[in-house]
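Below is one structure, written out as structure tokens, with a few remarks after it.
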Amino acid sequence: MKISKKIISNLKEGGANFFLSVPCKLLANMIAILEADKEVYYSSIPREEEGMGICAGAYLGNKLPCIMMQNTGIGNSVNSIVSLLQLYQMPVVFLISYRGTPGEPVGAQGGMASVTEEILDTLRIPMLHCSAEKDLEKISIFANHAKVIEGPVAILCNFDLMKEDK
Amino acid sequence: MNRFELLNLLQETLQNNLVVCNIGLPSQELYKINDRPNYFYMLGSMGLSSSIGLGLSLTIDKNVISIDGDGSVLMNMNTLATIGNRAPSNYTLLIIDNGSYGSTGDQKTFTNEKTSLKDVAIGAGCEKVIECSGEETLENLNKALSDNNHSYVIISKIKSGNVTIKPIPLNPITIRDRFRKSIGLVSYL
């Protein structure tokens, strides 16, 4: 719980105040924290691409939205990222559970893992890699960076980091 | 009645509300009829008009109308479940159902065959779902906006057909900023 608490609290410190998630086992603690949090809006949603649209609307209404998802969700959302969030220059924080990184037991997750960073790089989305607890300190400045550059940023949380978060 | 005639009919209500409008001809027709800063024209991301309006309605108190098409809703049908479970009472989804993909050459959609978006919306959890003719749409839209207890999904059944029209000349940041200014969120313009 300690790591998930720190991630949510640092996201909020960076200005994130509207949260959506498409579930992942590694996000379960964060989802439980947000469900109990009365300070910010939180909902689960069925699909990531839809979430990009909801985030765009929340930004128009003056929120800094954060969508939590697996890295597979980036694959589901490429057009909405480019033709909506980046076209209109809308800040959104992607909090990504990075499935398929070392420690991952499900071999099939390796495919999207092997192309995730190349996709984000191609989309010119700044990335923050979190593989150890000390990396979490950079999350708040990184969330705020989305507002500064008026576009999406991606925070990638490695499997090993999250699986220890009992 | 086609979409251009319907959008003309709805102006007296649309012009005083925050409107998110579907990509392609719906936005271009709306722009031609009566360009307003409180109209957010989508220039990309087909399917997400419903979702953008939902996100906005969750963050402000004013009424928000998402104008969508049958083809676009079919592309992002899962969002009807999100709307059914999460939409606040200031949200209205207006689906202009002409049974065709108007912007790409009027190819037929599945609402022309077996699919009923009314039944899908009800099944997805939307409580107030109205299917009506184009002529009845204004009255139902006004009813939806004046109900402070429920969100609405209105499916307006009209004929297919488009008018010849040019792309919207506004750049995306202009659309974004004047829209946010009309909500009262931009102080630098």
Out of the residues in the range A:146-166 meeting the condition of being in contact (Cβ under 8 Å) with a residue 60 or more places away in the chain and within 14 Å of residue A:89 (Cα to Cα), tell me which one is surrounded by the most Cβ atoms within 10 Å (Cβ to Cβ).
A:146
So which residues in the range B:96-122 are touching a residue at least 60 places away in the same chain (Cβ under 8 Å) and part of a strand (DSSP E or B), if there are any at all?
B:96, B:97, B:100
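For every residue, the table says whether it meets (1) assigned to a helix (DSSP H, G or I); (2) over 17 Å from residue B:20 (Cα atoms).
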| site | (1), (2) |
| --- | --- |
| B:140 | yes, yes |
| B:144 | yes, no |
| B:154 | no, no |
| B:160 | no, yes |
| B:173 | yes, no |
| B:176 | yes, no |
Within the range A:98-121, can one find any residue that is in a strand (DSSP E or B) and either surrounded by fewer than 22 Cβ atoms within 10 Å (Cβ to Cβ) or under 13 Å from the mean Cα position of the chain (by Cα) (or both)?
yes
For the range A:1-28 the number of residues that are in contact with an Asp or Glu (Cβ under 6 Å, 6 or more places away or on another chain) and away from every other protein chain (no Cβ under 14 Å) is 2
Could you list, in sequence order, all residues of the range A:34-51 that are more than 7 Å from chain B (Cβ to nearest Cβ) and hydrophobic (A, V, I, L, M, F, W, C)?
A:34, A:36, A:40
Which residue out of A:49, A:35 is free of Cβ contacts under 8 Å to residues at least 12 places away in the same chain, within 25 Å of residue B:50 (Cβ to Cβ) and over 11 Å from the mean Cα position of the chain (by Cα)?
A:35
Please give the number of the condition residue B:105 fails out of (1) under 16 Å from residue B:2 (Cβ atoms); (2) at pLDDT 95 or above.
(2)
Result of the Cβ filter at 6 Å on the range B:6-32, keeping first residues that are of a type in the set (Val, Ile, Thr) and partners that are surrounded by 22 or more Cβ atoms within 10 Å (Cβ to Cβ) and assigned to a helix (DSSP H, G or I), at least 6 apart or interchain, is B:13/B:141; B:20/B:49; B:20/B:52; B:20/B:53
Failed criterion for residue B:92 (all others in (1) under 13 Å from residue B:145 (Cβ atoms); (2) within 11 Å of another protein chain (Cβ to nearest Cβ) hold)
(2)
Does residue A:70 satisfy the criteria of being within 24 Å of residue B:77 (Cα to Cα), polar (S, T, N, Q) and in contact with a Cys (Cβ under 7 Å, 6 or more places away or on another chain)?
yes
Which one of B:84, B:105 is closer than 25 Å to residue B:135 by Cα, more than 11 Å from the chain's Cα centre (by Cα) and surrounded by fewer than 21 Cβ atoms within 10 Å (Cβ to Cβ)?
B:105
For the range A:53-64: of the residues being buried (at least 24 other Cβ atoms within 10 Å of the Cβ) and facing chain B (nearest Cβ under 7 Å), which is farthest from residue A:28 (Cα to Cα)?
A:60
Only one of these is of a type in the set (A, V, I, L, M, F, W, C), crowded, with 24+ Cβ neighbours inside 10 Å and without any contact (Cβ under 8 Å) to a residue 40 or more places away in the chain: B:58, B:54. Name it.
B:54
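Please go through the range B:133-146 and give me each residue that is in contact (Cβ under 8 Å) with a residue 24 or more places away in the chain and surrounded by 14 or more Cβ atoms within 10 Å (Cβ to Cβ), ordered by number.
The answer is B:134, B:137, B:138, B:141, B:144, B:145.
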Kindly indicate whether residue B:174 is surrounded by fewer than 19 Cβ atoms within 10 Å (Cβ to Cβ), within 11 Å of chain A (Cβ to nearest Cβ) and on the phi < 0 side of the Ramachandran plot.
yes
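Residue by residue, here is whether (1) closer than 27 Å to residue B:37 by Cα; (2) more than 14 Å from chain A (Cβ to nearest Cβ) holds:
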| position | (1), (2) |
| --- | --- |
| B:52 | yes, no |
| B:61 | yes, no |
| B:64 | yes, no |
| B:77 | no, no |
| B:81 | no, no |
| B:96 | yes, yes |
| B:116 | no, yes |
| B:126 | no, yes |
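The values are calculated or read from the model by the stated rules, or taken from the named source; none is laboratory data. Please read all numbers here as calculations on a predicted model, not as lab measurements. With ideal geometry, Cβ positions are generated from the backbone for all residues, glycine too; neighbour counts draw on all protein chains shown.
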